[in-house]
1. What single numbered condition from (1) β-branched (Val, Ile, Thr); (2) within 29 Å of residue 170 (Cβ to Cβ); (3) surrounded by fewer than 23 Cβ atoms within 10 Å (Cβ to Cβ) fails to hold for residue 315?
2. Is region 15-34 home to any residue that is out of contact with any strand residue (DSSP E or B) (no Cβ under 8 Å at 6 or more places or on another chain) and more than 30 Å from residue 484 (Cβ to Cβ)?
3. If you go through region 289-319 one residue at a time, how many are outside any loop (DSSP other than H, G, I, E, B) and either closer than 21 Å to residue 275 by Cα or touching a Lys or Arg at 6+ places or on another chain (Cβ under 7 Å) (or both)?
4. Looking only at region 209-229, how many residues end up being crowded, with 21+ Cβ neighbours inside 10 Å and not in a loop (DSSP other than H, G, I, E, B)?
5. List pairs: first in region 439-458 and within 8 Å of residue 477 (Cβ to Cβ) and outside the structural domain of residue 404 (by TED's automatic domain parsing), second acidic (Asp, Glu) and not in a helix (DSSP H, G or I), Cβ under 8 Å, 6+ apart or cross-chain?
6. Every residue in region 266-286 that is surrounded by 22 or more Cβ atoms within 10 Å (Cβ to Cβ) and in a helix (DSSP H, G or I), please.
7. Taking the residues in region 169-221 that are of a type in the set (S, T, N, Q) and either in the same structural domain as residue 25 (by TED's automatic domain parsing) or within 20 Å of the chain's Cα centre (by Cα) (or both) as candidates, determine which candidate is farthest from residue 287 (Cα to Cα).
8. If we keep just the residues of region 452-493 that are polar (S, T, N, Q) and part of a helix (DSSP H, G or I), which is nearest to residue 349 (Cα to Cα)?
Amino acid sequence: MRTLLVYPKFPDTFWSFRYALQFIHKKASSPPLGLLTVAALLPEDWQLRLVDLNTRLLTDEDIAWADMVMISAMVVQRQSTREVITRSKAARKCVVAGGPLFLGEWQDFPEVDHFVLNEGELTVPLFLEDLQRGVPQRVYSTSDFADMSQSPVPRWDLLETRYYDSLSIQYSRGCPFNCDFCNVTAMLGHRPRTKSADQIVAELDAMYRLGWRRNIFFVDDNFIGNRKQIKEEILPALIEWRKGKKGCHFITEASINLADDPGLMEMMVEAGFTSVFVGIETPAEESLVECHKGQNLRRNLAESVRRLQRFGLQVMGGFIVGFDNDRPGIFQQQLEFIQKTGIVTAMVGMLQAPFGTKLYQRLEEEGRLLLEMSGSNTDGSTNILPKMGLDTLRAGYRQLIGELYSPKAFYERVRTFLENYNPPRLNVAIHWEEVYAFFASMWRLGVLGKERKEYWRLFFWTLWKYPRKFALAITFAIYGYHFRQVFQNQVKT
C-alpha cells in the first residue's frame, strides 16, 4: 500500500514563528509528531511518503503516487485540510483522516472515506484489521485511553529535519487539572499516562543519530503531571543521556506549581530544560475561580514566574481575556502583569470554547456559542458571546495587543526578563543559522526596522551589563518582530 501522509498548512499564528524562522532559514517550528507516530503503527511493508505543507508544496505527482492519503490536522488547519481533501478526492484517492479537527467536526467532511479518531495506538490497528478483511468502517473512535508504554518510536526517517527549528517528543498524555476551557482532558483524560525512561531515551537516540542538535520540545500538556516518575526516572535518564552531547536543549509545558519545587526546577535545568510554557491565564482571581484554574489560586503569580526565571527557566505565558468575571480594567491589568514579570513570549487570546469542554457545554446551554472556532486564540476572534459584550472585548483586546507588542513595551519587557533571569551553564552547539540570524537582525531590525532605536539600545545595554545573555537578547528581538507581524496581519479591525 502506497500511503501519502499529509500535514496541512498552518496560517500565520503566534506559535508558527514564521517571521522569526526566516532569520534562521527554517520553514517550520515543529514537525507533525502525530503523523510520524501513526506512520510507525502502519505495516512495515507499506510504502510511506510524508508531505508537510508547512515545509513544501503538495504536488499532483505526490497524490498520483498514492493509493491512500492520510491526513492529521488541528482546528486551526481547517482551510488547508479542506483543500487537501478536495484535491485527493478529485484524483479518486481513498482519504483517511484523524486528529483534533475531526473529533468534533467529522460530520462536516463528507468526502472523507474513513475517520480514525482519538488515540492512534487504539484505533489505527482496528482500521488496519478491517481494511485487511476488506470491510473498513467509516468511523473508528474509542472512549478508552492508550497505554503509552506501547507507543512506538515515531518514524523520524520520513522527515526532512533540516526544515525545522525543533523536533518533538511526547512523554505523557492527560492532565490532572480541570480547566473548563481546555479540551486536553476531554480528549486525553485526567490521569497522566506516561512512557518509560527507556522509551524516551530510544526516541532521543533516534533523533541524535539523524544528526539533530537543536531544540527538542516535550509536547506534554503538563510535563510534571506525574511528578514522582519525573523525579525518579525521567530527569535522571535525561541528565545521563545528555552527558558528552552538545545542543539538544529541551522545552516543555508545565503548571505554575512547578515554581513550588526547587529540587524539581534544579533537576530540569540540569537535564537541559531551558524554557517552559505556563498557562497563567489571568491575574484576576475571580476569573481563575470561574474557569476552575485552582492551581493558580492562593499564590503570588508574579513571584512564581520570577522564581522560575531565577532558577534558569524562561517562562512563556498563556493569557486569556473575556471571562464572565472580567471587568473593563482587565486589559490594563494583564498588560501590567506581563510587563512587570518580564514574560517576553506572552500569548494573549480571547476566550474560546473548544468542542468537548465544560465551557462549550455551559455556553451551548446558555445560547452563547457563535459559529465555528478558528482554532487560533491570537487572531482576535472568538466563538462565544462574552458578558462584557463582543465589541468591548474586541476593542480591549486590540488595545492590549497593540501596547504589549509595541517596540517600546516589548523591549522594556526583554530588559526586565534579562535582569531577573539566571541563565544555566549550557553545553552549546553553535549553528551557522544563528550566526546568520545575528547579522540579519542588525540589518532588518537595526537598520530597516521601525524598532531600530529600541534594538540598538537593547544591543549595547546587554553587551555592557549581561554579555552572557547577549545571544538571548538578539533572539528575543527577532521574536518581537514575528509577534508584531502576526498581530498586525491577523487581529481584525
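The values are calculated or read from the model by the stated rules, or taken from the named source; none is laboratory data. Being a predicted model, the structure only gives us computed values, none of them experimental. Backbone-built Cβ (ideal geometry, glycine too); neighbour counts: all protein chains shown.
1. (3)
2. No, region 15-34 contains no residue that is out of contact with any strand residue (DSSP E or B) (no Cβ under 8 Å at 6 or more places or on another chain) and more than 30 Å from residue 484 (Cβ to Cβ).
3. The number of residues fulfilling the criteria is 18.
4. So the answer is 2.
5. Listed pairs, sorted by first residue: 445/451.
6. The answer is 268, and nothing else.
7. 215
8. This residue is 490.
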